[in-house]
Each structure stands twice: as C-alpha cells, then as structure tokens.
Amino acid sequence: MGRMKQRREQIVELVNSEGAVSFAKLKTTFPEVSEMTLRNDLKFLDQTRQIVRVYGGAKSVEVVIGTDDLFYKRNTRNIERKRQITEKAIKLLHPGTSVFLDSGTTTTELARVFPDESYLIFTGGISCALELAHLTQSQIHILGGQMNRFSLSVNGISSVKAIENVNFNIAFLGVTGYSQETGFNCGVEDENELKKAIIRKSEKVVALMDSEKVGIVNTFTFATLKDIDVVISDDDLDPDTKKVFQSNGIEVL
C-alpha cells in the first residue's frame with residue numbers, strides 16, 4: 001500500500017510540474033509498473049480530483065481549468081520545514097559574493113528573508129525576484145527565457161546562455177525528488193539543463209531539500225552525489241539518507 005501511495009504521489013508531482021504528461025511517458029518513468037496498474041492509478045487520481053485524465057495521458061487540474069494557483073498550493077505546503085531550511089541556508093551567506101537562487105517555493109522563502117547586504121544575485125525564479133525587491137544593497141539579475149506559469153520560473157536556452165560568463169560563489173538549488181538510485185531530480189527538461197549549467201559554474205552547490213523529497217523519482221537527473229557540496233534539509237531527514245550523503249563527502253545541515 002505504501003509503494004502504491006508513493007507512486008501515485010510521484011505521478012501527481014510529474015503531471016503538475018509539466019502540466020500534461022502522455023501515457024507513454026508514464027510507462028517510461030515507471031518501467032516496473034504494468035499498464036493496467038498505471039491506468040488504475042490515473043483513474044483513482046482523476047476520481048479524487050488530483051489530476052485530470054485525458055485521451056493518451058493526464059493533465060494537471062490547473063491546466064484544465066486555466067488557473068495559476070499551483071505555485072500558491074506548493075508555497076503553502078510544509079511551511080515549517082521551509083523555515084527550518086532557510087534558517088540554515090542564511091548561515092552560508094557571506095556579503096560581497098555572487099549567489100544563484102533557483103526557482104521554487106523553498107528558494108522563494110530564502111529570498112524573502114535574504115539579508116540586505118552587498119550581494120550579486122542571479123535567479124530564474126520570478127517569485128524569488130519579487131521577494132528580493134526589498135533589498136537596497138544587492139544587485140539583482142533575472143535570467144531570461146520561457147516562463148513556466150505553474151512554477152513561476154524562467155528557463156530554456158536563453159537562461160543557460162545568460163550565465164555563460166558568470167561564476168557563482170554559491171548556488172542554492174531546489175530539489176523535486178531524490179533517490180539513491182537516480183540522484184537529485186526534477187520533472188522539467190529545461191529546468192534540468194539550467195540546474196546542470198549552474199552546477200558547472202558554481203564554487204559551492206547547495207541542495208535545499210525537505211525530507212519528504214527522499215524516495216521521489218522524477219524524469220530528469222540534474223545532479224549525483226558528487227555534484228553537491230551541501231544538503232540542507234529539515235529535522236525529519238532520515239538517518240540512513242543523511243549517512244549516505246555524509247559518506248560521499250556532502251555536508252548535511
């Protein structure tokens with residue numbers, strides 16, 4: 001029962017992150033699951049109004065009804081965990097350095113409490129940029145690219161090109177899912193490519209990941225254990241996962 005619940009949660013996460021997912025992609029994402037089981041999953045998720053079944057796959061509720069509240073729903077989830085993470089993240093900041101803030105609800109919370117000191121900050125998160133607008137001593141750069149209205153972010157080839165000549169002292173990356181087998185992952189290809197580019201350009205890479213992301217597998221892997229320097233999580237991160245991180249040279253906060 002636990003495995004089925006986790007798989008259905010992963011399906012909802014994937015559909016919401018991409019807006020629409022084909023049944024063929026679901027089969028590729030869950031190769032060990034039979035077609036009948038996947039169809040039963042979609043039927044259940046449709047009946048419980050978590051996604052909308054369509055011919056050939058599924059769409060997010062937001063896409064079908066034309067609303068933009070997906071980011072709001074995510075932003076109001078696990079507030080206490082986000083606060084625990086951001087309190088730890090702030091301690092890694094040093095004035096006079098260059099910082100990349102990924103898009104996402106946890107990085108948005110970090111942007112909200114970002115200290116008003118001298119920083120050079122780049123972000124692909126529209127919501128992050130809005131929160132950073134209160135800073136008077138920092139320079140804020142917003143990456144160009146195609147907007148994802150569900151995550152309030154911009155990404156794509158323009159975003160990657162925008163950081164070609166930029167080197168970051170520290171980068172804070174959001175995580176959609178993590179498993180020991182697939183590493184740190186997300187559900188959107190353009191977002192995945194931007195994260196990879198940021199890792200290549202950063203002196204220190206920090207993954208902001210609440211404990212509920214452990215065991216979640218999405219389509220695209222943007223980092224393995226060797227790519228991450230620090231993982232910041234909440235107090236509920238399980239000891240086994242923490243031990244795996246630390247044994248691979250990752251600092252866990």
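Taken about its Cα centre, the chain carries a charge dipole of about 540 debye when Lys and Arg each add +1 at the Cβ and Asp and Glu each add -1 at the Cβ. On the basis of the beta-carbon distance and an R0 of 45 Å, E35 and T136 show a calculated FRET efficiency of 0.20.
With a threshold of 29 Å on the Cα-Cα distance, the over-threshold entries among K59/K242; K5/K91; K43/K213; K82/K201 are K59/K242; K5/K91. Relative to the longest principal axis of the Cα atoms of the chain, the long axis of helix 35-47 makes an angle of roughly 70 degrees. Placing a label point 7 Å from the Cα of H94 along the Cα-to-Cβ direction, the residues of segment 113-146 whose backbone N falls under 16 Å from that point are 118-120.
Surface analysis of segment 154-246 yields an accessible area of 42 Å² per residue, using protein heavy atoms and a 1.4 Å probe. Just want the answer: with Cβ charges of +1 for Lys and Arg and -1 for Asp and Glu, which residue in T221, T182, T28 is farthest toward the dipole's positive end in the chain? Result: T28, furthest along the dipole toward the positive end. Helical runs assigned H by DSSP (4 residues or longer) give the chain a calculated mean residue ellipticity at 222 nm of -11500 deg cm²/dmol, each run adding -39500 (n - 2.57) before division by the residue total. Counting protein heavy atoms only, the chain has 49 percent of its accessible area on carbon and sulfur, 1.4 angstrom probe. What residue among V206, F100, V244 has its Cα farthest toward the positive end of the dipole of the chain, where the charges are +1 on Lys, Arg and -1 on Asp, Glu, each on the Cβ? Working it through, the farthest residue towards the positive pole turns out to be V244.
Checking [x] 0.94; [y] 0.99; [z] 0.96 against the coordinates, the calculated Rg/Rh (Cα atoms, Kirkwood Rh) falls under label [z].
The values are calculated or read from the model by the stated rules, or taken from the named source; none is laboratory data. Quick caveat: nothing in here was measured; it's all calculated off a predicted structure. Positions of Cβ are backbone-derived with ideal geometry, glycine not excepted, and every protein chain shown enters the neighbour counts. Only protein heavy atoms, including side chains, enter the accessible area calculation; ligands, DNA and RNA are left aside. Shrake-Rupley method; radii C 1.70, N 1.55, O 1.52, S 1.80 Å.
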